[in-house]
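The values are calculated or read from the model by the stated rules, or taken from the named source; none is laboratory data. On a predicted model such as this, the values are computed, not experimentally measured, just so you know. Cβ: placed from backbone, ideal geometry, glycine included. Neighbour counts: every protein chain shown.
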Amino acid sequence: MALAYDEPLRFGLFFAPFHSAKLNPTYAFERDLLLTEHLDRLGYEEIWYGEHHSGAMEMVAAPELMIAAAAQRTKYIRLGTGVKSLPYYNPFMLAEAMAQLDHMTRGRVMFGVGPGALPSDAKMIGIPVGELRRRMEESLDTIVDLMHGETVTRKTDWFDLRDAQLSVGCFSRPMMEMAVTTIRSPAGVVAAGKHGLGLLTLGPMSDAVLEHHVTNWHIYEAECQKHGHVADRGKWRITLMMHIAETREKAYADAAWGFPEFNNYSHDIVPAPPAIPRDTKDLVKAAIDAQVAIIGTPDDAIREIERVRQKLGGFGAVLLFGNDLAPWPAQQRSFELIAEFVKPHFSRANALRAASYQTTAAVIGDYRQEAGSASASATDAYKAKR
């Protein structure tokens, strides 16, 4: 079936990150930066760092600090906030910080935004959970105006700007790339469509959830059209939970190492209903059967990513969900296998090599005959001179 969008896929990491509550936190931050360096060498296009302030496992509080550190260690990979919780900050100060990062990274920074993922974060700073989306929209309207170089005077019940203008502005023109998270409700796609921003679609990948994402995409298209923007599927990023190994048996064993703690977290901390019951005996098999995760070989990953593409009609990037499902060496190998065998399939990196192979293989019989004749002639000529 022809896709609405069939351009080469980019690959990246949506990195909350989820770390075991038993892991040394100082080492965990360093390992996150080591992983960024590893992905940069492997040719991944982007990484998005999360922001959370409670719950123990999602332990990055300031993604902009991760970006600043990672920019010094990498050459090519783009670095995003995945995402900044807009209701927690004065929009002017946040726009100023991100514009500075845009210069410091020479345009490699991406500004992902959302309302805030954990109610426990909002409660600690006295923001009613019911106010988060409204505040996100007010902040986003203001930040986009500031990023475009406008002077903003705007007063709400939680911020007051008077002739506010960015002191430096963005390095990227007309402004840095921005994206809005969306899970189930249409709030994210409506906000993104209003400003023509990209989408960061989070959540599982079951057929039923994918149908919901299709519905949200149609809402996004309508909102883009309403506000004079073009809905670009190339700016649509889909998160997928994935762990890959050389064999299915090894992948299952790897993922069984960390899946129990992650599943407990989904029950104890995450506000969305957990996908897998806590007392499930084989969590890995349950996750695969429920289409929550791709766990297996590179061929399994290719098949499942293609299923998602077909269901959605095409999108721009796969963002692997950073979950610490497997021990650290196995995680690194998973990223390597994806870069070696899965990514080239969807980026079409080997299209010319495959064509060259097929063209040569089709006529190798004639070439062998010509080569044999040339060799025989050279031998005869040598004998004649003797």
For segment 23-35, state whether one or more residues are under 16 Å from residue 339 (Cα atoms) and either surrounded by 14 or more Cβ atoms within 10 Å (Cβ to Cβ) or touching a Lys or Arg at 6+ places or on another chain (Cβ under 9 Å) (or both). yes
Being basic (Lys, Arg), within 28 Å of residue 200 (Cβ to Cβ) and assigned to a helix (DSSP H, G or I): is that true of residue 353 here? no
Can you pull out every residue in segment 207-236 that is among the basic types (Lys, Arg) and farther than 16 Å from residue 4 by Cβ? 226
Kindly establish whether residue 171 is farther than 21 Å from residue 306 by Cα, surrounded by fewer than 19 Cβ atoms within 10 Å (Cβ to Cβ) and of a type outside the set (Asp, Glu). yes
Which pairs turn up if I take residues in segment 21-37 that are under 17 Å from residue 332 (Cα atoms) and look for partners that are among the hydroxyl-bearing types (Ser, Thr, Tyr) and modelled with pLDDT of 95 or more with beta carbon separation below 7 Å, at least 6 apart in sequence or on another chain? 36/74; 37/74
If you take the residues of segment 87-117 that are under 15 Å from residue 49 (Cα atoms) and either of a type in the set (Asp, Glu) or in contact with a Pro (Cβ under 9 Å, 6 or more places away or on another chain) (or both), which of them is modelled with the lowest pLDDT? 117
State whether the residues of segment 93-110 include one that is touching a strand residue (DSSP E or B) at 6+ places or on another chain (Cβ under 6 Å), touching a residue at least 24 places away in the same chain (Cβ under 8 Å), buried (at least 21 other Cβ atoms within 10 Å of the Cβ) and among the acidic types (Asp, Glu). yes
In segment 118-158, what residues are within 23 Å of residue 53 (Cα to Cα) and among the hydrophobic types (A, V, I, L, M, F, W, C)? 118, 122, 124, 125, 127, 129, 132, 136, 140, 143, 158
Which of the residues belonging to segment 183-213 are modelled with pLDDT of 95 or more and hydroxyl-bearing (Ser, Thr, Tyr)? 201
Would you check which residues across segment 220-245 are surrounded by fewer than 17 Cβ atoms within 10 Å (Cβ to Cβ) and either more than 16 Å from residue 178 (Cα to Cα) or aliphatic (A, V, I, L, M) (or both) and list them? 221, 222, 225, 226, 227, 228, 230
Enumeration of residues in segment 272-313 that are part of a loop (DSSP other than H, G, I, E, B) and of a type outside the set (D, E, K, R): 272, 273, 274, 275, 276, 277, 280, 290, 291, 292, 297, 313
Could you check how many residues of segment 314-344 are over 22 Å from residue 288 (Cα atoms), in contact (Cβ under 8 Å) with a residue 24 or more places away in the chain and in a helix (DSSP H, G or I)? 1
Just to be sure, is residue 372 surrounded by 10 or more Cβ atoms within 10 Å (Cβ to Cβ) and touching a strand residue (DSSP E or B) at 6+ places or on another chain (Cβ under 9 Å)? no
Hits in segment 111-131 - residues which are within 25 Å of residue 79 (Cα to Cα) and either without any contact (Cβ under 8 Å) to a residue 24 or more places away in the chain or of a type in the set (A, V, I, L, M) (or both): 113, 117, 118
Residue satisfying all of: in segment 244-268; aromatic (Phe, Trp, Tyr) and in a helix (DSSP H, G or I); nearest to residue 285 (Cα to Cα) among these: 252
Any chance segment 126-141 includes a residue that's part of a helix (DSSP H, G or I) and under 17 Å from the mean Cα position of the chain (by Cα)? no
Quick one: would you say residue 200 is of a type outside the set (Asp, Glu), in a helix (DSSP H, G or I) and touching a Lys or Arg at 6+ places or on another chain (Cβ under 7 Å)? no
Going through segment 186-208 in order, the residues found to be aliphatic (A, V, I, L, M), without any contact (Cβ under 8 Å) to a residue 40 or more places away in the chain and more than 16 Å from residue 115 (Cα to Cα) are 208
Could you check segment 98-125 and list, in sequence order, the residues that are closer than 14 Å to residue 83 by Cα, part of a loop (DSSP other than H, G, I, E, B) and in contact with a Lys or Arg (Cβ under 7 Å, 6 or more places away or on another chain)? 115
Of (1) modelled with pLDDT under 95; (2) on the phi > 0 side of the Ramachandran plot, residue 43 satisfies all except one. Which? (1)
Count of residues meeting criterion [in contact (Cβ under 8 Å) with a residue 40 or more places away in the chain and hydroxyl-bearing (Ser, Thr, Tyr)] in segment 220-267: 4
